[in-house]
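What follows is a set of notes on a single structure, which appears directly below.
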Amino acid sequence: MHLFIWRHSKHFSSWSMLDEPHIRQENYLQADVVVLASSQEDALALLALNGDWQIDELRRLQPEIIPLDAPRIVISHVDGR
(Lines give C-alpha, C1' and ligand atoms only; values in the text may rest on other atoms or scores of the structure.)
Protein backbone atom coordinates (compact mmCIF):
# COMPACT_ATOMS: atom_id res chain seq x y z
CA MET A 1 0.00 0.00 0.00
CA HIS A 2 1.03 3.59 -0.60
CA LEU A 3 -0.16 7.03 0.35
CA PHE A 4 -0.90 9.19 -2.67
CA ILE A 5 -0.89 12.92 -1.92
CA TRP A 6 -2.19 15.54 -4.32
CA ARG A 7 -1.83 19.22 -3.44
CA HIS A 8 -2.82 22.29 -5.37
CA SER A 9 -2.75 25.94 -4.39
CA LYS A 10 -4.39 28.88 -6.09
CA HIS A 11 -2.91 31.45 -3.71
CA PHE A 12 -0.69 32.81 -6.47
CA SER A 13 -3.09 32.25 -9.35
CA SER A 14 -3.53 34.93 -12.00
CA TRP A 15 -5.16 35.33 -15.40
CA SER A 16 -1.85 34.35 -16.98
CA MET A 17 -2.35 30.84 -15.56
CA LEU A 18 -5.57 29.99 -17.42
CA ASP A 19 -4.53 26.38 -18.03
CA GLU A 20 -3.95 25.73 -14.32
CA PRO A 21 -5.61 22.56 -12.97
CA HIS A 22 -8.81 22.79 -10.95
CA ILE A 23 -8.82 19.56 -8.92
CA ARG A 24 -11.97 19.89 -6.81
CA GLN A 25 -15.58 20.29 -7.92
CA GLU A 26 -16.11 23.28 -5.58
CA ASN A 27 -13.95 26.40 -5.69
CA TYR A 28 -10.90 26.48 -3.38
CA LEU A 29 -7.68 28.32 -2.56
CA GLN A 30 -5.77 25.28 -1.30
CA ALA A 31 -6.82 21.66 -1.90
CA ASP A 32 -5.10 18.58 -0.49
CA VAL A 33 -6.19 14.98 -0.68
CA VAL A 34 -4.40 11.90 0.68
CA VAL A 35 -5.48 8.41 -0.37
CA LEU A 36 -4.30 5.02 0.88
CA ALA A 37 -4.31 2.59 -2.07
CA SER A 38 -2.25 -0.06 -3.78
CA SER A 39 -1.84 1.96 -7.01
CA GLN A 40 -2.39 5.45 -8.36
CA GLU A 41 -5.27 4.17 -10.51
CA ASP A 42 -6.92 2.65 -7.42
CA ALA A 43 -6.49 5.96 -5.60
CA LEU A 44 -8.10 7.86 -8.47
CA ALA A 45 -10.95 5.33 -8.59
CA LEU A 46 -11.66 5.94 -4.88
CA LEU A 47 -11.65 9.68 -5.47
CA ALA A 48 -14.04 9.25 -8.41
CA LEU A 49 -16.46 7.39 -6.13
CA ASN A 50 -16.27 10.26 -3.63
CA GLY A 51 -17.51 12.73 -6.26
CA ASP A 52 -15.73 15.81 -4.88
CA TRP A 53 -12.61 15.58 -7.06
CA GLN A 54 -11.97 16.21 -10.76
CA ILE A 55 -10.10 13.08 -11.83
CA ASP A 56 -8.92 14.38 -15.23
CA GLU A 57 -7.43 17.42 -13.50
CA LEU A 58 -5.75 15.27 -10.82
CA ARG A 59 -4.12 13.25 -13.61
CA ARG A 60 -2.36 16.45 -14.73
CA LEU A 61 -0.52 16.61 -11.38
CA GLN A 62 2.11 14.17 -10.16
CA PRO A 63 1.14 13.07 -6.65
CA GLU A 64 3.68 12.52 -3.93
CA ILE A 65 3.79 8.74 -3.44
CA ILE A 66 4.78 7.43 -0.02
CA PRO A 67 5.39 3.71 0.44
CA LEU A 68 4.39 2.39 3.85
CA ASP A 69 7.34 0.06 4.34
CA ALA A 70 9.58 2.23 6.54
CA PRO A 71 9.24 5.00 9.14
CA ARG A 72 9.30 8.52 7.73
CA ILE A 73 7.77 11.96 8.03
CA VAL A 74 4.55 11.77 6.07
CA ILE A 75 3.47 15.42 5.86
CA SER A 76 4.84 18.72 7.04
CA HIS A 77 3.21 22.01 6.13
CA VAL A 78 4.35 25.56 6.81
CA ASP A 79 2.35 28.60 5.79
CA GLY A 80 4.49 31.72 5.94
CA ARG A 81 1.63 34.09 6.70
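Kindly provide the GluC sites (Glu not before Pro) of the range 1-79 that DSSP labels as loop, not H, G, I, E or B, and whose Cβ sees at most 11 other Cβ atoms within 10 Å.
Those satisfying the criteria are 26.
Would you mind telling me the share, in percent, of accessible area of the range 17-70 contributed by carbon and sulfur at probe 1.4 angstrom?
50 percent
Under a 1.4 Å probe, what is the accessible area of the chain per residue, stated in Å²?
71 Å²
What ratio of Cα Rg to 2.2 N^0.38 Å holds for the chain?
1.17
Averaging sequence separations of C-alpha pairs under 8 Å and six or more residues apart, then dividing by the length of the chain, give the relative contact order as a whole percent.
Here the relative contact order equals 43 percent.
Once the dipole of the range 4-67 is set up with Lys and Arg at +1 and Asp and Glu at -1 on Cβ about the Cα centre, which of 28, 38, 62 lies farthest towards its positive end?
Sorting the options by dipole projection puts first 28.
The values are calculated or read from the model by the stated rules, or taken from the named source; none is laboratory data. As the structure is a computational prediction, the values presented were derived from the model and not from experiment. Here the Cβ is made from the backbone with ideal geometry for all residues, glycine too, and neighbour counts use every protein chain on show. Protein only, heavy atoms only, side chains kept; ligands, DNA and RNA dropped before computing areas. Shrake-Rupley method; radii C 1.70, N 1.55, O 1.52, S 1.80 Å.
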